[in-house]
Amino acid sequence: MKSKLILILWLILVLGMFSCTKKQSNLPDETFKVSEFRTIPSFKAMFLALDKLEETKLNNLPLAQVVPAQKDTIYYAFGWGVLSSDAQLAIASKNQNQLISVTDQFISLAPQLGLHQFANQLRDAVKPEIKNNNWGLLKDVFYAMQESVDTLMLSNNREKELTFIYLGGWTETTNQIARLIAKDYSTEKSRTLQTDAWEDLAFNLNLIQNMSKDKSPLLAQTIELVHKIQNTLSSGTAAVLTLEQVETIVEHTTALRELYLKS
């Protein structure tokens, strides 16, 4: 089964590269389009800090069901990002039940975003392997899947949806890790939350707002919260946040999550 999962990793990456190649060949002047959107850092970097935390602490993280608040693409995209984060949290805590639940939710959400092929891969090969406790390989599979989703979105001019996927991922990752830090605070742990991702998210969201004819209050509220998170992070001294600032991060990311998902 290990060789089967390695093959899936390869197929996922090939799928993404094929999608990208197909898009580039369709440009009429045979030039590559440079996107106006910024590349948002992967939340993978923040997960490196989880290696320093005890599995028992990670097991207590509340990974709730991801139910989009509206039947709309940006809500589905945000939910996909949250699930990408929850998958890594479940893997880090080696929690089979949580990862099976997250995988089922991925399978359910994938068709709403045109990601049927990923749902099939999760159902047919990844889900059965969870019970074999091959956590390192599963971590690589989920990261490879998200990298392929990134490539697929970019190759089909779906930067808006990809921005909301990353918004969901960074919101969930930051919220969960900030909760852990707040419960067992130290200045060194608070450095984990520092990232340029929120600045890049704010840029992309402002770009989406400027490009959109529909000036929805949802987008305005989202941008306001993202700026608040960004400002709180930048207000730290020497990249260190106080306990109060960490708790503020928890508050703002919780509010952001509640905009897109049912509680």
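Throughout, read-outs are computed from the coordinates displayed, never taken from laboratory work. Note that the structure is a prediction, hence the values are computed from the model and not measured. Positions of Cβ are backbone-derived with ideal geometry, glycine not excepted, and every protein chain shown enters the neighbour counts.
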* Unsatisfied cross-links (Cα-Cα over 22 Å) in the set LYS71/LYS213; LYS131/LYS262; LYS127/LYS189; LYS71/LYS131; LYS139/LYS183 -> LYS131/LYS262; LYS127/LYS189; LYS71/LYS131; LYS139/LYS183
* What does the convex hull of the alpha-carbon atoms of the range 62-122 project to on average, in nm²? -> 3.9 nm²
* Structure fact -> Proxy exposure order for ARG123, ARG158 (fewest C-beta within 10 Å first) is ARG123, ARG158
* Structure fact -> The exposure ranking of ARG191, ARG257, fewest beta-carbon neighbours within 10 Å first, is ARG191, ARG257
* When the chain is fully extended, how far beyond the present Cα-Cα distance does THR242 get from ARG123, taking 0.36 nm per residue of separation? -> 38.5 nm
* **Likely footprinting exposure, HIS227, HIS116, HIS252, fewest C-beta neighbours within 10 Å first** => HIS116, HIS227, HIS252
* Structure fact -> Sorted largest first, the Cα spans of the range 191-263 on the principal axes come out in Å as 40, 28, 14
